[in-house]
Amino acid sequence: MKEYFKDVSKIEYEGAKSGNPLAFKYYNPEEIVGNKTMADHLRFSVAYWHTFTEDGSDPFGAGTMQRPWNKIMDPLDKARIRAEAAFEFMEKLGVDYFCFHDRDIAPEGDTLLETNKNLEQIVPLISDLMDETGIDLLWGTANLFTHPRFVHGAATAPNADVFAYASAQVKKALDITNQLGGENYVFWGGREGYETLLNTDMEFEQDNLARFFEMAVDYAEKIGFEGQFLIEPKPKEPTKHQYDFDAAAVLSFLEKYDLKDNFKLNIEANHATLAGHNFQHELYIARINDALGSVDANQGDKLLGWDTDQFPTNIYSTTLGMYEILKNDGLGSGGLNFDAKVRRASFKPVDLFYGHIAGMDTFARGLKTAYKILQDGFLEDFVEERYSSYYEEEIGQKIVNGDTDLEELATYALDNDDIENSSGCQELLEAKINQYLLE
Ligand code: XLS
Ligand code: CA
Ligand code: CA
């Protein structure tokens, strides 16, 4: 088969002192951390859209990306070459998974039938490439936001024909995800939200979104798809307000519509910051609700304030993110999907390797540091001690066990004027985290 990234050979682990930009400094796939290898902890995945279809265009200028498939004009030929190049890239990088939207892998035709036929041409090729390389599908999804028909949303569109079209697309995307052995299926509500409440029946739209999810669950059962369904929260962009605003909003939606058993969350770091949280917060909320399914590993830029989808290089964030993932006992069938794009000015093919290597090293180092923090237990011990009055003192035990009431607590408090609080020690804890990071 033709080689597309000729200047790059297999990326190897060379250790922290290596000066080779095309080598891992911290990600050593076979290295054991705790009870499993780094590769098994991290389950890295490449996002087909950013890495293989993104052209670098922005509202002010044309595409900049230099890619081996740029000159191919026929859309299906382009899709084929792109698939071959994609698997060469992923194999050289040494990732075990990839993710795609239906429209990333095959072009949209003039009709839905034609579009489905395009997919049917490309999916067998992808299946062969998966077999040849051993790279698996972490998740599939449907693009329900790019085409103008989705101007008002997909499952939340005010037009039943659009709802039906979106359903047809999800049906097909589930079929191909199942065919390719996908371990999860993601719903990201691209335009499922509103621009103004003046023209929106929010209750009806949310009821419809729940109907859509129910139908997907039923269809998955029918075709024997055993992957995990995931919802990916995002507060805004492209709509002003998205219904899947953040982890907490999605969890309450799932609770309301009795869907909690069928869905987990795909937490994206950049979406967390857009929602005014941080990466750890969103992972934490998902974890304590037994809903942490998978991660879109990237980072935003708070000075810009939109979804910049940058490669994760912030070691502080990945450390505390991995801390939550370890406390969750891993991601199960999920993984760390680099929903990240190289900057418009990083247009050389080799930049794709640099971006992923940076992200993989940053998470690998985060994993090791988080594991050490957990092993030493200093954070857990501190937090436990902070709440100890609920476990060590009679009044606390009564509160926790539901053995008291306002009257008894009032009697207790009236007799207890000298309340003593202990320090929260934030600065001490932050300094300790720094010690681990700089070790
Ligand atoms: C966009 C989302 C999207 C989902 C998949 O902001 O991150 O890429 O991950 O549809
Ligand atoms: Ca994402
Ligand atoms: Ca994003």
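Bear in mind these aren't lab numbers, they're just calculated from the coordinates by the rules spelled out. The shown structure was predicted, so the numbers you read here are calculated from the model rather than taken from an experiment. Using ideal geometry, Cβ is built from the backbone for each residue, glycine included, and neighbour counts are taken over all protein chains shown.
Could you sort the peptides 401-410, 135-144, 269-278 by per-residue average Cβ neighbour count (10 Å cutoff), highest mean leading?
135-144, 269-278, 401-410
Let a ≥ b ≥ c be the square roots of the eigenvalues of the Cα gyration tensor of region 182-298; is it rounded (a/c under 1.5), or, if not, prolate (a/b larger than b/c) or oblate?
oblate
Summing -39500 (n - 2.57) over the DSSP H runs of n ≥ 4 in the chain and dividing by its residue number, what mean residue ellipticity at 222 nm do you reach, to the nearest 500 deg cm²/dmol?
Result for the chain: -14500 deg cm²/dmol, rounded to the nearest 500.
For K234, which lysines qualify as cross-link partners when the Cα separation must be under 21 Å and same-chain residues fewer than eight apart are set aside?
Cross-link targets: K256, K260, K264, K302, K341.
Could you please tell me the mean projected area of the C-alpha convex hull for region 344-439, averaged over all directions and given in square nanometres to one decimal?
Taking the Cα atoms of region 344-439, their convex hull projects to 11.1 nm² on average.
Residues with amide H under 5 Å of D96's amide H, sequence separation 5 or more or different chain, H placed in the peptide plane at 1.01 Å from N; which?
Residues meeting the amide H criterion: F44.
How many angstrom separate the Cα center of region 31-63 from the Cα center of region 296-339?
11
In whole Hz and in residue order, list the ³J(HN,Hα) couplings for region 401-414 that follow from phi through the Karplus curve 6.51 cos²θ - 1.76 cosθ + 1.60, θ = phi - 60°; x for Gly and Pro.
Each residue's phi maps through the Karplus curve to give 7, x, 9, 9, 8, 4, 5, 5, 5, 5, 4, 4, 5, 4 Hz.
Highest mean first, how do 225-238, 423-436 rank when packing is the count of other Cβ atoms within 10 Å averaged over residues?
In decreasing order of mean packing, 225-238, 423-436 become 225-238, 423-436.
Where both partners of a DSSP beta bridge lie in the chain, what percent of those bridges are antiparallel, to the nearest 5?
15
Give me the orientation-averaged projected area of the Cα convex hull of the chain, in nm², one decimal.
Averaging across all directions leaves 25.4 nm² for the Cα convex hull.
Enter the angle in degrees (range 0 to 90, nearest 10) between the Cα long axis of helix 202-223 and the first principal axis of the Cα atoms of the chain, meaning the one along which they spread out most.
Helix 202-223 sits at roughly 70 degrees to that axis.
Sorted from largest down, what three extents in whole angstroms do the Cα atoms of region 118-172 have along their principal axes?
Result for region 118-172: principal-axis Cα extents of 44, 21, 17 Å.
What aspartates and glutamates does K78 reach when the alpha-carbon gap must be under 18 Å and sequence neighbours fewer than 8 apart in one chain are set aside?
List returned: E3, E54, D55, E88, D102, D104, E108, D110, E114, E120, D128.
By average Cβ neighbour count within 10 Å, what is the ranking of 336-348, 18-30, 196-208 from highest down?
336-348, 18-30, 196-208
Given 10 °C and 1.306 mPa s, compute D for region 119-252 with the Stokes-Einstein relation, Rh being the Kirkwood radius over Cα pairs; round to the nearest whole µm²/s.
102
Cross-link partners among lysines for K368, C-alpha distance below 23 Å, same-chain residues fewer than 8 apart left out?
Output for K368: K17, K25, K36, K327, K432.
Considering amide H positions built from the backbone, and no H for Pro or chain starts, which residues 5 or more places from K264, or on another chain, come under 5 Å of its amide H?
F229, L230, I231
Can you tell which of W49, G335, Q179 lies farthest toward the positive end of the dipole of the chain, using +1 and -1 charges on the Cβ of basic and acidic side chains (Lys, Arg; Asp, Glu)?
Sorting the options by dipole projection puts first W49.
Taking the Cα centre of the chain as origin, work out the dipole magnitude from +1 charges on Lys and Arg Cβ and -1 charges on Asp and Glu Cβ, in debye rounded to 20.
2340
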